[in-house]
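No lab work stands behind these numbers, since they all come straight from the coordinates. This one's a predicted model, so the numbers in the text were calculated from it and none came from an experiment. For neighbour counting, all protein chains shown are included, and Cβ atoms are generated from backbone atoms with ideal geometry for every residue, glycine included.
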Ligand code: GDP
């Protein structure tokens with residue numbers, strides 16, 4: 001079960017705590033667990049393979065952020081890959097066409113097709129204020145057309161009057177005509193199901209699609225049927241141009257495996273999830289939420305996101321502390337430059353770190369812009385550690401070497417040193433005035 005995926009990963013990675021980057025062997029060990037967990041969750045084998053390959057490629061060699069464990073890092077990568085596989089966002093119905101927008105519902109018998117037709121009609125009527133007409137094209141199953149009529153009465157949506165003896169294509173034509181004449185915005189066609197996929201069914205779907213020119217062809221699949229659902233989806237995908245999937249009985253499927261397979265097999269978004277027998281038990285499908293449910297560990301994902309943020313804050317705090325003590329060498333300057341770039345350049349800087357607002361002013365005065373940040377970093381990078389700590393030892397000869405190393409001029413080195421000097425002086429003044437509190441007073 002998915003619930004144990006976190007435990008599995010935790011076990012594999014507990015002993016790896018503290019390592020810098022994820023090695024291939026570590027990742028492969030974790031992915032073995034991911035693979036088993038996905039198979040247990042009823043995800044189709046080819047989908048599992050592709051998924052594991054993708055996640056492995058992303059994970060090998062990626063850095064483990066400070067303050068989280070490698071296991072947590074892998075969970076985040078797996079979660080990102082899940083969201084990617086499931087699609088990033090919720091997908092809307094395409095009804096923004098010349099009316100009537102035809103929504104054709106296809107799927108096997110018992111998948112929940114008729115119920116879903118009524119649920120969607122109700123939603124469109126209530127949320128989008130659309131005038132909806134429903135028509136059942138199921139002439140095989142006795143009472144199928146009556147079933148839709150009963151549901152229509154329950155959700156207060158019009159259904160096409162039943163005429164005995166008509167073929168599905170004839171009913172579709174009549175429905176189109178009625179929808180046009182009576183000014184319906186949306187026409188929902190509930191097509192016939194079968195117990196199994198067969199060619200007669202597919203031919204019927206194609207003939208109806210030719211007549212009705214649907215804006216949406218939604219495949220309705222029962223999420224509880226696992227591998228069967230995958231086979232059904234791939235047969236339909238080959239024969240009719242699906243535009244989306246509705247997964248029913250998600251209320252009974254704690255594993256979510258069908259969702260992952262469906263998206264991969266059809267290449268189309270899962271647009272809705274059925275969550276019960278009641279006629280309002282349908283929800284837009286949220287890929288990220290399902291990914292979290294599959295992993296059963298949304299908390300870890302947000303933990304990793306927070307860790308990434310707090311590392312930047314830690315660096316900022318460290319720098320601010322040194323500055324408050326009046327210490328400020330070229331290493332500090334460099335850290336500050338890196339910080340600025342990470343935060344989105346000079347413009348984003350003000351207010352992020354106490355004291356940096358002042359530094360920003362100094363830099364702007366010295367003609368520093370986002371592009372020169374890169375130059376400054378290169379210059380400091382070509383200095384020796386000693387030169388960075390004590391810039392005053394940089395004589396003419398050393399300056400030439402540094403400039404050459406960075407592919408720049410001696411005057412660029414001088415500009416850097418002048419800027420550093422100004423900032424250092426500012427820091428010292430700041431210390432005399434009582435550190436950060438003094439600075440705060442100055443600016444308030
Ligand atoms: P069709 O043959 O594909 O048209 O299937 P129906 O719409 O007649 O549905 C078959 C049964 O599944 C009915 O009893 C529905 O109430 C039930 N059903 C449909 N969707 C869902 C769902 O999302 N959750 C649950 N629990 N039951 C559903």
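Values for this structure:
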item: 113, 125, 271 arranged by Cβ crowding within 10 Å, fewest neighbours leading; result: 125, 271, 113
item: Computed label-point distance, nm, for sites residue 128 and residue 53 using a 7 Å Cα→Cβ extension; result: 3.7 nm
item: Length gained when the stretch residue 199-residue 94 is fully extended (0.36 nm per residue, less Cα-Cα span); result: 35.0 nm
item: Difference of contour (0.36 nm per residue) and Cα-Cα distance, residue 414 to residue 207; result: 66.7 nm
item: Two-site label geometry, residue 428 and residue 228: point separation in nm, points 7 Å out along Cα→Cβ; result: 8.3 nm
item: Sequence ranges 405-411, 151-157, ranked by mean other-Cβ count within 10 angstrom, highest first; result: 151-157, 405-411
item: Contact order normalised by residue count of the range 101-287, Cα under 8 Å, 6+ apart, percent; result: 27 percent
item: Modelled FRET efficiency - R0 51 Å, residue 141 with residue 24, Cβ distances, 0.05 increments; result: 0.40
item: Separation of the residue 390 and residue 421 label points, Cα + 7 Å toward Cβ, nm; result: 1.8 nm
item: Computed over the range 101-287, Kirkwood Rh from alpha-carbon pairs, angstrom; result: 16.2 Å
